[in-house]
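Since the structure comes first, as structure tokens, the remarks are kept for the end.
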Amino acid sequence: MTERTFSPGPDQSGAFREALGCFGTGVTVITTDTGNGPRAITANSFSSVSLDPPLVLWCLAKDSNRFNAFSKCQHYSIHVMAQDQQDRALKFARDGTDFSHAEWRTDDAGRPQLTNCLARFDCHLHARHEAGDHLIVVGHVDQVMYRTGKGLIFKRGQFGGFVDLI
């Protein structure tokens, strides 16, 4: 493909999305509890914000059918998915109410916690920021779990991972 230069706008949204897809990201599943049971959403918009205090963020699309559940939640867990958890991430992307395919438990704050992920950040809401067609959700991290393993990566609409060099 040849190099392409453009000014982002409504008529270039596809090209803008394609350019953003050049940046490979990890895959996360965020979970929360609602009055109607646990909910999950798959997102690749996760980032660290601050070490002191410990803050992380993720972005929630305003047109998501899970917007109401996640835009109002006070406690949630962010799970960094392992390379072998692609199917789980895809199932949660399609249906955020079905937890039958996942092993999980609930912590003292009511956060659904998935097992066997690479890392988990248990958060309470720190701030919300309007940002175009998304809501930036900033969480104060209460507890962290992590383990070794290969992470699930998403780039240009495809899943993948890193190859061990040894």
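General observations
- Net length available on complete extension from F6 to D142 is 44.7 nm, with 0.36 nm assigned per residue and the Cα-Cα distance removed.
- In range of the label at R156: residues from the stretch 9-28 whose backbone nitrogen is under 20 Å from the point 7 Å along Cα→Cβ: 13-27
- Distance between the 7 Å Cα→Cβ label points at D98 and K72: 2.5 nm.
- In order through the stretch 94-111: 3J(HN,Hα) via Karplus (6.51 cos²θ - 1.76 cosθ + 1.60), integer Hz, x for Gly, Pro: 7, 9, x, 9, 8, 9, 5, 8, 10, 8, 7, 9, 10, 8, 4, 8, x, 6
- The chain, helix-only ellipticity at 222 nm - DSSP H runs n ≥ 4, -39,500 (n - 2.57), divided by all residues, nearest 500: -3500 deg cm²/dmol
- Most fluctuating residue given options F99, F121, F23, as computed from a GNM of the chain linking Cα atoms under 10 Å: F23
- The spacing between the stretch 96-166 and the stretch 35-67, judged by their C-alpha centroids, is 8 Å.
- Most fluctuating residue given options T97, T32, T42, as computed from a GNM of the chain linking Cα atoms under 10 Å: T97
- Residue among L51, L90, L135 with the largest mean-square fluctuation in a Gaussian network model of the chain, springs linking Cα atoms under 10 Å: L51
- Whole-Hz couplings from phi, Karplus 6.51/-1.76/1.60, listed for the stretch 14-23; x for Gly and Pro: x, 5, 5, 4, 4, 5, 4, x, 5, 8
- The protection proxy used here, the mean number of other Cβ atoms lying within 10 Å of each residue, ranks peptides 24-31, 9-16 as follows, highest first: 24-31, 9-16.
Readers should treat all values here as calculations from the given coordinates under stated rules, not as data from a laboratory. None of the values given here were measured: they were computed from a predicted structure. Reconstructed Cβ throughout: ideal geometry from the backbone, glycine too, with neighbour counts over all protein chains shown.
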